[in-house]
Amino acid sequence: MKLIKIYMALAIITTSIFGCTTQKQIQCEELFQTKVELEKNVEMYATVWERVVDERNISLIDTLFFDPNATVITSNGNVEGIDAFKDFYSNYLTGFSDAEFKVIDAFGQGDRIVKHWQFKGTHDGEFFGIPATNKKVDLKGTTLVTMKNGRVMYEEDYFDNYSLLKQIGLLK
């Protein structure tokens, strides 16, 4: 999140150095507001996901932070709606009782966010129907996010599924 604060400071400094001409004032203000909104979305998004996993608080997936029609886009079909969203991500909490989640970097443009993340834990519970193997997992991935009115609308995760299956002992 330090990177976000640095970007904000650079935006403010750039605006004060170069200033906005009278005719461009509205455009400058709109760009600044868009930047502020994006930074708030990134901060909220990263904080919510870290809390969901680290505090094991699936109830944070609610209409305050997620659109009622929020969708997880997966290769096995889309997961749609708050309850389905919770059920989908609950697999990570039940499958890894010591799960740790860290946002390595997050940035965006407009209503789109890209999140680079790390997930660690011990596979000590059922995970999407896979019985516990008690193997350690350390996985990194990227999530593409679309926001709508300050809430998560779509998520699409990308990670090395082969590595995950190998780490939990299903593949050699």
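The values are calculated or read from the model by the stated rules, or taken from the named source; none is laboratory data. The model shown is predicted, which means the values in this text are computed figures rather than measured ones. As a convention, Cβ positions derive from the backbone with ideal geometry for all residues, glycine included, and neighbour counts pool all protein chains shown. Just so you know, the surface numbers come from the protein's heavy atoms only, side chains and all, with ligands and any DNA or RNA stripped out. Shrake-Rupley method; radii C 1.70, N 1.55, O 1.52, S 1.80 Å.
Quick notes on this one:
- Taken over region 67-81, the criterion of being more than 18 Å from V114 (Cβ to Cβ) and at pLDDT 95 or above is satisfied by D67, P68, N69, N78, V79, E80, G81.
- Filter result for the condition that a residue is modelled with pLDDT of 95 or more and not in a strand (DSSP E or B), over D138, D87: D87
To keep it simple, each residue is scored yes or no on (1) assigned to a loop (DSSP other than H, G, I, E, B); (2) closer than 21 Å to I58 by Cα; (3) of a type in the set (F, W, Y); (4) in contact with a His (Cβ under 9 Å, 6 or more places away or on another chain).
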| site | (1), (2), (3), (4) |
| --- | --- |
| L93 | no, yes, no, no |
| S97 | yes, yes, no, no |
| F101 | no, yes, yes, no |
| D105 | no, no, no, yes |
| K115 | no, yes, no, no |
| Q118 | no, yes, no, no |
| G121 | no, yes, no, no |
| D124 | yes, yes, no, no |
| N134 | yes, no, no, yes |
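- Any hit, region 147-160, residues being closer than 16 Å to A99 by Cα and in a strand (DSSP E or B): no
- Taken over region 93-107, the residue count meeting the criterion of being under 22 Å from A132 (Cβ atoms) and open to solvent by less than 40 Å² (accessible area, probe 1.4 Å) is 5.
- The one condition in (1) open to solvent by 90 Å² or more (accessible area, probe 1.4 Å); (2) within 24 Å of K120 (Cα to Cα); (3) modelled with pLDDT of 80 or more that Y45 fails to fulfil: (1)
- Residue within region 77-91 that is within 23 Å of E55 (Cα to Cα), open to solvent by less than 20 Å² (accessible area, probe 1.4 Å) and touching a residue at least 40 places away in the same chain (Cβ under 8 Å) present: no
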